[in-house]
1. Of (1) open to solvent by less than 20 Å² (accessible area, probe 1.4 Å); (2) within 24 Å of Arg122 (Cα to Cα), Arg284 satisfies all except one. Which?
2. Provide a single number: the residues in the range 544-580 that are under 19 Å from Gly477 (Cα atoms), among the hydrophobic types (A, V, I, L, M, F, W, C) and either part of a strand (DSSP E or B) or open to solvent by 10 Å² or more (accessible area, probe 1.4 Å) (or both).
3. Arg48 passes all but one of (1) in a helix (DSSP H, G or I); (2) at pLDDT 50 or above; which number fails?
4. Would you check if Ala415 is open to solvent by 20 Å² or more (accessible area, probe 1.4 Å) and assigned to a helix (DSSP H, G or I)?
5. Give me a count of the residues in the range 141-158 that are surrounded by fewer than 19 Cβ atoms within 10 Å (Cβ to Cβ) and of a type outside the set (Asp, Glu).
6. Looking only at residues in the range 527-543 that are among the aliphatic types (A, V, I, L, M) and in a loop (DSSP other than H, G, I, E, B), which one is surrounded by the fewest Cβ atoms within 10 Å (Cβ to Cβ)?
7. Find the residue count for the range 470-522, including only residues that are at pLDDT 90 or above and part of a helix (DSSP H, G or I).
8. One residue is enough: does the range 174-192 have a residue meeting the conditions touching a strand residue (DSSP E or B) at 6+ places or on another chain (Cβ under 7 Å), under 24 Å from Leu258 (Cα atoms) and charged (D, E, K, R)?
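The values are calculated or read from the model by the stated rules, or taken from the named source; none is laboratory data. These numbers come from a predicted model, not from an experiment. Virtual Cβ from ideal backbone geometry, glycine too; neighbours counted across all protein chains shown. Accessible surface is based on the protein model in full, side chains and every heavy atom, while ligands, DNA and RNA are left aside. Shrake-Rupley method; radii C 1.70, N 1.55, O 1.52, S 1.80 Å.
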Amino acid sequence: MALSQKVSWQDLARNTCRLALIIAVIQKDHNEDSLAVFESPDQPQKRRSLLAWVVHSWVHSLRFRLLWLGLMPLLLALPVVLISVGLIGSVQVNRLIEGQLNSNLSGAQNYLRVFRTDLQSRILDFVQSERFSRLAQKQTPRRVINEILLASVRKSGFDFLLLVDEDGFVVGSSGFDEAKLRRQLPQSFVIRQAQVGVASSGFEQFTQTELEAFSTGIAKRFSDLAVSGKARGVQPADKAASDQAKATLVLAAAHFPLSASSEDFVLVGGTLLNENSVLIEHLREIIYPTGKLPDQSEGFVGIFDQQTNIVSSRLKSGQILSPKLDGNLIPVETNSGQFASTIGRQSFGEDTFALAVTTMQSGNERDLVFLAVGFPVRPFQQTAWLMLGILAASLGGVMLVVSLIYLNAGRDIVAQLKKIADAMNLFRDGDRIVQIQEIKSKDELGLLGARVNELFRVVAEQELKLERLALHDALTGLANRQNFSQRLTHAMAIGDRQSTYGAVIMIDLDNFKPLNDTYGHSAGDQLLIEVGRRLKSIVREIDTVSRFGGDEFVVLLESLSEDMDAASTRAVQVSEKIRDAMQVPFVIQNRSAAGDANISHQCTSSIGVTLFLGSKLNQDQVLHLADAAMYAAKAGGKNRVSLHQE
């Protein structure tokens, strides 16, 4: 029987090479127990350094590479992100602190500006009021002037009120100091502006001697502060040193409306800033409301004469901060002649404060003292770093989740590839029914598993075809000489075990060559195929029909009988059936240029038969006896059966 499909040797070679290549990639044999490509590395050899082991594992282990690639976000990206967050966060925290300080400083300046303007407004209200207009009237007693000024200063927010003539001499005072009433006031921009009719206010500085011209009471209070060291933050050695201290006043002055009955007088009011705790605490509460700073910390507001503190806010504990201003924080004059604000840090007691410092100028823009605002850095930084830490932890958590997802995906990839590798190892070891069953994903791995399964099937089928080609005749599909030899060995073994005879029938066609010569090989092939079909229809399933080549066929009969005569009879009967079958004319389809036509060909056979009992005779001897019997049949006139007789 002909094969329904011829084997393509190119396809077989291509698929076999494909499978061998995949197996070689998955399982590398280095003539030693080395690492599998899809398996984790073994422990490094003693002579191998750690670096060599890492390199070896990276090259030979996909699991190792996926592990480290999965850890890359944690090992490399996370430190970079944390460092970046730290650097950027530090810059942003400093910018935030600077922005907060600038805002606080602007608020403090606005407060003092409003405070100064409020004093100026009060002075204007006084000089325009009917009650105060009496002070400028001619012949008004000084006692009355002093009483009105004293009564007004108690509820106006001023430390003193003065009535000054056009030459700068004191005409009336809220201090009732008659001895000083005609004393001339020191030079003041605010008073000069008022004398020319422009109401004004501003910050002015005066020595203790100059301060006595305004108010002996205020001068004495400042003197006591200077001697005790509070006014300038130092401890003077003697009174001469205290005389050099300067008091800072907020002055406001306005001219009385002129009339025929009034004098050319100016009303002057002032407030001492030195140790003015009411003013500075109110300012601090406006700029730094209680509970608004991180960790319930307290802000700082202070006024400095150069580096020396003249007034500053208190802490809740009652502690008074009277620090010395760091020289690096003193504003420096710019090219335009202005003084720019400065921002920096300075230690006050146990805490480090972030400070913003600016100048407080007099009316004529002569620089006087410095205004400083600030707050402790540590609570602010702790809050900022806590927020950055939460951000960094969130980023780290996200990267950890990404790494775990990647590691899990990598582990799944390695596990799936290992299943493919294990299946290929089984296939390499001879298992031709192995299939990869557990890869159910629809991605590239699932496609790879399906393709490998298909490759297993194709290679197994082509191996079967190759095996059939190796053991069967390509034309008739009958067993070839090699297959017959295997079957004969098997039959001899059965004969040895069961003590039964078998038989070999050698068949040679008598009239085959004329057909081949007349009608060609196509007709001869058709006849040979039909001969094979008729032979198979005669013998049993356990018997073997083979073609040795040309028109020579051999039939193997197994397990005929334990009795030699019975076996001989059975062998001859089968041989006669074969001879009769061969005598039936063969119908051959002849194809030629003239057209297709069926021809009938008569063909007989010469048959030689020999018996064998187990392996008493070897295969060559058995075949030789059968061949000799066949030639005896030919010599006897052909178309006959010849039995070899021992």
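1. It is condition (1) that Arg284 fails.
2. Count: 7.
3. All conditions pass for Arg48, except number (1).
4. yes
5. Looking only at that region, the number is 10.
6. Ile542
7. Here the count works out to 18.
8. yes
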